[in-house]
Every structure is written in C-alpha cells, then in structure tokens.
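Participant: The structure that follows is given in the form of structure tokens.
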Amino acid sequence: MIESNRLTAEQYEQNFSDIHPPFENKEAALVEANRCLFCYDAPCIKQCPTSINIPKFIKQITTDNIKGSAHTIFDSNIFGGGCSKVCPVEKLCEGSCVYNLLHEAPIPIAKLQRYSTEKAIRDKWKLFERKPSNGLKVAVVGAGPAGLSCAHVLSRHGVDVTVFEKESKGGGLMTYGIAAYKVTPSFCQDEVDFILSLGGIEIKYDHELGKDISIEELQKNYDAVYLGIGVGLANKLNIPGEELQGVEDAIGFIYDIRTKGYPNISVGDRVAVIGMGMTAIDAATQAKRLGAKEVTMVYRRTEAQKNCTQHELDIALLDGCKMQWLAAPREVIGENGRVTALVCDIMTLGATDHSGKPAPEPTGQTITLEVDMVIKATGQNPFTDLINKNGIENNRGKVAVKDNAVTNIDGVFAGGDCVNGGKEVVDAVQAGKDGAAAILNFLQPKNIASIHQLNSYSTDERIATQQPML
Ligand code: SF4
C-alpha cells in the first residue's frame, strides 16, 4: 500500500538528520590536519574539479587560521560547504591522497573542509569584497551551483548580476535534488545566503525561461547572458504499465521530499528503484527512511559497472536496500490502475558497447518483483525544446558550447548540467567559474569603456552619481 505519514516526527527527524558527523572537537580536527604531508604537486588538488588548494587550507587549519582556510576553499569553490557534504570524494580528492598508496586511511579532506566552511557560513564571515560596480549588467538563468558560482565571480569583479530562478529558493540541485540527510534544507538556505552576502547579486525567484522571460529580452536588457538551467525531465522507461499509479520518477520524488515535508510524502510498502546512479541511491535510501518495508534496486549490469560510488552503495546496503543485479525492467503489472509487480528480464553481459561497459543482453528468462511502487532513476533528458526554441545550437539536446561556455549566440554563454548532461555539483561550480571568465573576457572592451566613463566624472559628479573611483 502506498501511504504517507508512516513514521513519528522523531523517526523522521532521526532518519533525515545530517549523515556526516563533524569533528567532535578542535583537537580531533588538528590530529587529522597534522597527518597531511603537504605534498609537492599534490595529487588531491589535481583531482578536485575546482582545484582547491587542499594542502594550503589544511595547513591553515593546523595553525588555527580557520578564516584563512575558509577563504582558500571558497576562493576556488563558493559551494565549498555543500561540496564537503555531497562530493564523491572517494573518487576525487580523498581517492587520490598519497596515503592510499601506503594502504593507510586518506586524509579526511571533506571533513576538514566542512570544519572550516561550516564555521564561516554559520558565523556569516565576510571573506570577499566586490570591486565597485562598473555599470555592466549580466543576466544569469538558474540559481544552481553553475549559475551562482558564475554570479559570484562576476560580482567580485564589479559586474551587477541578476539571477532568474524558476523555483522559490536558490541552490538548484543542492536544494532540490539531493538526499536531505546528505545536505539539509536549512544548510542549503544558509549557503545561498552566504553566497549572496557578497552583494551585487539580485535573485528574481519564480521566473522561468521560456515562460516569464526570454533570451531575446535578456539580451536587450543585459550586457551578457549566462545559462545554467540544468537538465530536464526524467527519462522514460518506454515499457508497458509505465502510466500506472505508483510509477514515479526519482527527480520528482526527491523534489517532493525536499519541498513538501517528510510526513506528506507517500511511499509504498515494497518499492523497486530502477537505476544505480547517485540519484537512484538517493531515491532508494529515502524511500526506506520514509518507512517503506522493502526497497529493491534494479540494475541491468553487475556491481562492477555501477555508476554510484562504493560509499553510496554502502549507505543503501546499510539502510537495508536489496540489490537485484543483471535485471532490466520489462513491464509494470497493475490491478485497478495501481502497480502490483515489476517484471524484469534477466540479463547477461556481452561485448563492450559505446559506453565502454559490457552491454547487457537478455537471457530469455524473467524475474517478477512484487512491488506497489516503482521509482525510475535512469537519467534525465536535456531541455531540447527550450534550447531549440531560443535558437541555441544543441549537441544531442544539450547546449552546444565552444571555447569554454560560448554558445552560437553572441553574448550568450552556458555551463553546468545543461551542457554536460549532468555531472557532480563540483563540476557545475567549475563550469560557472569558466563561464564568468568567458563573460569577463567578452565584456572587456565595454568594461574598459565604462571604467573610462567613471573616471571621467569630476569628484562632484562622482559623489552626485554615487560613482566610485576605480
Ligand atoms: Fe595531504 Fe593527501 Fe593531499 Fe598529500 S595528497 S597534500 S597527504 S591530502
């Protein structure tokens, strides 16, 4: 039976509280920070998509320079707080730490990063100053990691930024698309507030591209436009029974959990989650934490080819989720319009396909899972229609860019998931930085002109027009 309000308030609170334990005290952080070898040519930096100077921020922790440490992190990654909670560090910085070669535990980089950034966000430290406004205006579409990272860099350079966001809160995927026990809604709000505290960035919420605003309009009113619109709707399974009540997509399921309150989210007794990426794990673990009695994850390949990390899989296993490897959904069976079972083809692995993984092939045998809810987590479609309607060149549905963020339309730039099809939050943050660099380069001639204009004001005019001396 699919029903909401399965648990007590205390159980919801416990199941969705922050999964990452911080250091118990300063001494515990110092012990770990002092283990760092401060490697020359540090491999951990190379594995960070935003190139955070990890040995530097760890060294700053050892001297109790937490403000300096937070500045080092945020200077490379303004979402450094959230990324310390959601980054798959086992395949990024921590996975490359030299201690792994010594068969010893790597430096807990994420935990140390959290140690500094949480304090900065909680205590509202003012770590950055923006240059005086240079009169240039940029529109950013999307207040997710790519959009806000781009906006922050631009604002630091004196550009006035207006962000158009279709939701009522900023943070994008961080706020709406990740398991609440990894990054809590209140932390997401604090992180967005921290980013905006720089000044020079205005967010217009409930403004959707293609509905409330158009690229043409933005081009007319701004000196440049940056698109960080993310990816679109969940992929369909295209199997019989997909329209039955009880079949949901993981993106919508996670979005509801983050926006409607845990007791209001309905979940089945027995749930099948199709897919084995991070979103599939987040849907499966949260279904269990909402009170589902049994959750089975269905994947058409074997554990060796899974898209999620081992750490993620371990969370799902610890939550009691079952794994059905080598099974591909064939049909959803229903009764009175509601899901009663999921029939899967049993697969075997064949030759390597275009993805670089062995291709799953049906064996001719099937397995039937008795379930009352099916959650689809097999990827997302790009916003192809929206992109086409606005005359933007696309690359198999995603926004096509050349030379780092430059689209086919003069003055329109793009980055993050709408370009790469959906990667990690930290990749989107770097894409936003790259976009800002491309925009600053594009605006340079106008920037110089505006600086000349500002400096041509007499002192009285400058005071009268509130223009700063540059
Ligand atoms: Fe420190 Fe490990 Fe990075 Fe070396 S690789 S600097 S030990 S965190």
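Participant: Is it true that Arg300 is over 24 Å from Glu361 (Cα atoms), of a type in the set (Lys, Arg) and buried (at least 19 other Cβ atoms within 10 Å of the Cβ)?
Facilitator: The answer is no for Arg300.
Participant: Next up: In the stretch 34-67, which residues are buried (at least 17 other Cβ atoms within 10 Å of the Cβ) and more than 12 Å from the ligand (Cβ to nearest atom)?
Facilitator: Pro49, Thr50, Gln60, Ile66
Participant: For the stretch 173-201, how many residues are modelled with pLDDT under 95 and among the small types (Gly, Ala, Ser)?
Facilitator: 4
Participant: Then there is this: Kindly evaluate Phe74 against the criterion of being outside any loop (DSSP other than H, G, I, E, B), aromatic (Phe, Trp, Tyr), touching a residue at least 12 places away in the same chain (Cβ under 8 Å) and at negative phi. I'd like the intermediate steps shown before the answer.
Facilitator: Values: outside any loop (DSSP other than H, G, I, E, B): yes; aromatic (Phe, Trp, Tyr): yes; touching a residue at least 12 places away in the same chain (Cβ under 8 Å): yes; at negative phi: yes.
When the stated conditions are applied, Phe74 passes them.
Participant: Still on this structure, I have one more. In the stretch 393-418, what residues are in a loop (DSSP other than H, G, I, E, B), surrounded by 24 or more Cβ atoms within 10 Å (Cβ to Cβ) and not β-branched (Val, Ile, Thr)?
Facilitator: Ala405, Gly415, Gly416
Participant: Considering only the stretch 98-111, I want to know if a residue exists there that is at pLDDT below 95 and among the basic types (Lys, Arg).
Facilitator: no
Participant: Related question: Quickly run through the stretch 11-33 and pick out the residues that are surrounded by 12 or more Cβ atoms within 10 Å (Cβ to Cβ) and of a type in the set (Gly, Ala, Ser).
Facilitator: Listed by number, the residues that qualify are Ala28, Ala29, Ala33.
Participant: Pairs, please: C-beta under 7 Å, at least 6 apart or cross-chain, first residue at positive phi and in the stretch 33-45, second more than 7 Å from the ligand (Cβ to nearest atom)?
Facilitator: Short answer, once both residue conditions are applied: Phe38/Lys59.
Participant: Take the residues in the stretch 5-49 that are of a type in the set (Ser, Thr, Tyr) and at pLDDT 95 or above; name whichever of them is farthest from Lys260 (Cα to Cα). Write out each step before concluding.
Facilitator: Taking the stretch 5-49 as the starting set, the residues that turn out to be of a type in the set (Ser, Thr, Tyr) are 8, 12, 17, 40.
Cutting the leftovers down to at pLDDT 95 or above gives us 8, 12.
On the way: Thr8: 16, Tyr12: 13 Å.
This residue is Thr8.
Participant: Answer yes if at least one residue in the stretch 343-352 is in contact (Cβ under 8 Å) with a residue 12 or more places away in the chain and either in a loop (DSSP other than H, G, I, E, B) or of a type in the set (Gly, Ala, Ser) (or both), and no otherwise.
Facilitator: Checked the stretch 343-352: no residue is in contact (Cβ under 8 Å) with a residue 12 or more places away in the chain and either in a loop (DSSP other than H, G, I, E, B) or of a type in the set (Gly, Ala, Ser) (or both).
Participant: Then there's this: Can Val161 be described as free of Cβ contacts under 8 Å to residues at least 60 places away in the same chain, buried (at least 21 other Cβ atoms within 10 Å of the Cβ) and either assigned to a loop (DSSP other than H, G, I, E, B) or in contact with a helix residue (DSSP H, G or I) (Cβ under 8 Å, 6 or more places away or on another chain) (or both)? First the steps, then the outcome.
Facilitator: Details: free of Cβ contacts under 8 Å to residues at least 60 places away in the same chain: yes; buried (at least 21 other Cβ atoms within 10 Å of the Cβ): yes; either assigned to a loop (DSSP other than H, G, I, E, B) or in contact with a helix residue (DSSP H, G or I) (Cβ under 8 Å, 6 or more places away or on another chain) (or both): yes.
So Val161 passes the test.
Participant: Of the residues that make up the stretch 264-275, is at least one within 21 Å of Gln380 (Cα to Cα), outside any strand (DSSP E or B) and among the small types (Gly, Ala, Ser)? Lay out the reasoning, then the answer.
Facilitator: Narrowing the stretch 264-275 to residues within 21 Å of Gln380 (Cα to Cα): 271-275.
Now restrict to residues that are outside any strand (DSSP E or B): 275.
Now narrow it down to the ones that are among the small types (Gly, Ala, Ser): 275.
The answer is yes; a qualifying residue exists.
Participant: Could you tell me how many of the residues in the stretch 404-449 are basic (Lys, Arg) and at pLDDT below 95?
Facilitator: Of the stretch 404-449, the ones basic (Lys, Arg) are 423, 433, 446.
Subsequent filtering for residues that are at pLDDT below 95 retains 423, 446.
Selection size over the stretch 404-449: 2.
Participant: Among the residues of the stretch 14-33 satisfying the criterion of being touching a Ser or Thr at 6+ places or on another chain (Cβ under 7 Å) and of a type outside the set (Asp, Glu), which is nearest to the ligand (Cβ to nearest atom)? Show your work before the answer.
Facilitator: Initial filter on the stretch 14-33 (touching a Ser or Thr at 6+ places or on another chain (Cβ under 7 Å)): 18, 30, 33.
Now drop any that are not of a type outside the set (Asp, Glu), which leaves 30, 33.
Values: Leu30: 14, Ala33: 9 Å.
Checked the stretch 14-33; the qualifying residue nearest to the ligand (Cβ to nearest atom) is Ala33.
Participant: Somewhere in the stretch 121-144, is a residue closer than 30 Å to Leu37 by Cβ and either in contact with a strand residue (DSSP E or B) (Cβ under 9 Å, 6 or more places away or on another chain) or within 16 Å of the ligand (Cβ to nearest atom) (or both)?
Facilitator: The answer is no, given that none of the residues of the stretch 121-144 is closer than 30 Å to Leu37 by Cβ and either in contact with a strand residue (DSSP E or B) (Cβ under 9 Å, 6 or more places away or on another chain) or within 16 Å of the ligand (Cβ to nearest atom) (or both).
Participant: Filter the stretch 23-48 for residues that are closer than 18 Å to Pro106 by Cβ, assigned to a loop (DSSP other than H, G, I, E, B) and not small (Gly, Ala, Ser) and give the result. Give the derivation first.
Facilitator: Within the stretch 23-48, the first condition is being closer than 18 Å to Pro106 by Cβ, and the residues that meet it are 23, 28-48.
Restricting the remaining residues to those that are assigned to a loop (DSSP other than H, G, I, E, B) gives 23, 34-42, 47-48.
Selection gives Phe23, Asn34, Arg35, Cys36, Leu37, Phe38, Cys39, Tyr40, Asp41, Gln47, Cys48.
Participant: Condition first: among the polar types (S, T, N, Q) and farther than 24 Å from Pro22 by Cβ. Now tell me which residues in the stretch 156-210 satisfy that. Don't jump to the end; show me each part of the working.
Facilitator: We begin by selecting, within the stretch 156-210, every residue among the polar types (S, T, N, Q); these are 162, 168, 175, 184, 186, 189, 197.
If the condition is that a residue be among the polar types (S, T, N, Q) and farther than 24 Å from Pro22 by Cβ, then Thr162, Ser168 are the ones that fit.
Participant: Can you name the number of the only condition in (1) more than 13 Å from the ligand (Cβ to nearest atom); (2) surrounded by 24 or more Cβ atoms within 10 Å (Cβ to Cβ) that Lys91 fails?
Facilitator: Here Lys91 meets the rest and fails (2).
Participant: Turning to a different aspect of this structure: Which one of the conditions (1) in a loop (DSSP other than H, G, I, E, B); (2) touching an Asp or Glu at 6+ places or on another chain (Cβ under 9 Å) does Cys83 fail to meet, given that it meets all the rest?
Facilitator: (1)
Participant: Checking the conditions here, which among Glu312, Glu331 is part of a strand (DSSP E or B) and buried (at least 16 other Cβ atoms within 10 Å of the Cβ)? Steps first, please.
Facilitator: Working: Glu312 fails: part of a strand (DSSP E or B).
Unique residue meeting the criteria: Glu331.
Participant: Among the candidates Tyr176, Tyr115, Tyr99, which residue alone is surrounded by 20 or more Cβ atoms within 10 Å (Cβ to Cβ), aromatic (Phe, Trp, Tyr), within 16 Å of the ligand (Cβ to nearest atom) and on the phi < 0 side of the Ramachandran plot? Please lay out each step first, then the result.
Facilitator: Details: Tyr176 fails: within 16 Å of the ligand (Cβ to nearest atom); Tyr99 fails: surrounded by 20 or more Cβ atoms within 10 Å (Cβ to Cβ).
Checking each option against the conditions leaves just Tyr115.
Participant: If you scan the stretch 50-71, which residues turn out to be in a helix (DSSP H, G or I) and of a type in the set (Ser, Thr, Tyr)? Outline the logic, then answer.
Facilitator: Pass one, the stretch 50-71, residues in a helix (DSSP H, G or I): 54-62, 66-71.
Correct list: Thr62, Ser69.
Participant: Please enumerate the residues belonging to the stretch 247-262 that are under 17 Å from Thr378 (Cα atoms), of a type outside the set (Val, Ile, Thr) and out of contact with any helix residue (DSSP H, G or I) (no Cβ under 6 Å at 6 or more places or on another chain). Working first, answer last.
Facilitator: Residues of the stretch 247-262 under 17 Å from Thr378 (Cα atoms): 247-255.
Right, trim to of a type outside the set (Val, Ile, Thr) and you get 248-250, 252-253, 255.
Of everything in the stretch 247-262, those that are under 17 Å from Thr378 (Cα atoms), of a type outside the set (Val, Ile, Thr) and out of contact with any helix residue (DSSP H, G or I) (no Cβ under 6 Å at 6 or more places or on another chain) turn out to be Glu248, Asp249, Gly252.
The values are calculated or read from the model by the stated rules, or taken from the named source; none is laboratory data. Quick caveat: nothing in here was measured; it's all calculated off a predicted structure. Positions of Cβ are backbone-derived with ideal geometry, glycine not excepted, and every protein chain shown enters the neighbour counts.
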